[in-house]
Amino acid sequence: MSVTTETTAGAAAGSDAIVDLRGMWVGVAGLNIFYLIVRIYEQIYGWRAGLDSFAPEFQTYWLSILWTEIPLELVSGLALAGWLWKTRDRNVDAVAPREELRRHVVLVEWLVVYAVAIYWGASFFTEQDGTWHMTVIRDTDFTPSHIIEFYMSYPIYSIMAVGAFFYAKTRIPYFAHGFSLAFLIVAIGPFMIIPNVGLNEWGHTFWFMEELFVAPLHWGFVFFGWMALGVFGVVLQILMGVKRLIGKDCVAALVG
């Protein structure tokens, strides 16, 4: 059944606008504003209070963030997954075509917010950490740069990935049956950078590899980080679902 031939009852069930990007823009703006504030905080307190891990100001301005963000992120991730599962569509195969199409659009919005989150974590703050390593000789694994990069930005993009995965799994018929390999790669791959941090910190402590960024010790970051490219497979699956829903005539009109 295509959108053009759905029943009146089906249309009533999915009466919301198919494309509503307000949630996506709120998410993107929220992330960008939050990380800009974080970056300003780093600029002010990184040098002033972040060079000596034994100093009282380090405990105040940096370790207090670490001990706050870790449990907060853990609780947030579990709460989001739990809420998406509790509010799942329990008869997902009966969803009206219009509503299913709207849910595909929402899933794309999830992926856009995830892309912004992974840019800040796996690109901006990761490159910043390289600069910090080459500038400062650290006396702890929990540097100001690491507290933001490893223990804030990485968990945040992982939470976005969990949200996108559970949204698709609980609300879109195609993803509800079985598991999408591409989606699993996208959701689990970059997340695995977090346990790889443990190996990285052990290696730095054991070998004192402050500036050797091409060492095998860092290959795990690249290996798992590039798994985010699995998003192209997820997008292809979404496009196949959209094509099925809007019908051949609509597809021909759009591409013609």
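Since every read-out is calculated from the coordinates, none of them should be taken as a lab result. Bear in mind that the values here come from a model prediction, so they are computed numbers and not experimental data. Cβ coordinates were reconstructed from backbone atoms using ideal geometry, including for glycine residues, and neighbour counts include every protein chain displayed.
With θ set to phi - 60° and the Karplus curve 6.51 cos²θ - 1.76 cosθ + 1.60, what are the ³J(HN,Hα) couplings of the stretch 144-159 in order, to the nearest whole Hz, using x for Gly and Pro?
x, 5, 5, 4, 7, 6, 6, 9, 10, 5, 5, x, 5, 5, 5, 5
Given 20 °C and 1.002 mPa s, how large is the Stokes-Einstein diffusion coefficient of the stretch 106-254 in µm²/s, with Rh as the Kirkwood radius over Cα pairs? Show your work: numbers first, answer last.
Values: Rh = 17.0 Å.
Value of D from the Cα-based Kirkwood radius: 126 µm²/s.
Using Cα-Cα distances under 8 Å and only pairs 6 or more residues apart, what relative contact order does the stretch 123-256 have, in percent?
Dividing the mean separation by the residue count of the stretch 123-256 yields 26 percent.
Hey, in the GNM for the chain with a 10 angstrom Cα cutoff, which one of MET134, MET227, MET192 fluctuates hardest?
Fluctuation is largest for MET134.
First measure r as the distance between the Cβ atoms of ARG88 and ARG244, then evaluate 1/(1 + (r/R0)^6) with R0 = 35 Å and state the FRET efficiency to the nearest 0.05.
0.95
Binning at 5 angstrom from zero up to the longest distance, how are the C-alpha pair distances of the chain distributed in percent?
All Cα pairs, binned at 5 Å, distribute as 1, 6, 11, 15, 16, 14, 11, 8, 6, 5, 4, 2, 1, 0 percent.
Hey, how many Å between the Cα centroid of the stretch 177-246 and the Cα centroid of the stretch 107-133?
Taking the Cα centre of the stretch 107-133 as reference, the centre of the stretch 177-246 is 12 Å away.
Okay, helix-only estimate at 222 nm for the chain: each DSSP H run of n ≥ 4 adds -39500 (n - 2.57), divide by all residues, round to 500 deg cm²/dmol; what do you get? Walk me through the intermediate numbers first.
Numbers: 12 runs with 172 residues, N = 256.
Dividing the helical sum by the residues of the chain leaves -22000 deg cm²/dmol.
For the chain, what does the relative contact order come out to in percent, with C-alpha contacts under 8 Å and a separation of six or more?
The normalised contact order for the chain reaches 27 percent.
Looking only at GluC sites (Glu not before Pro) in DSSP loops with at most 12 other Cβ atoms within 10 Å, what is the longest site-free stretch of the chain? The partial results should precede the final answer.
Numbers: sites that count: GLU210, GLU211.
Formally, the longest exposed-site-free interval is 1-209.
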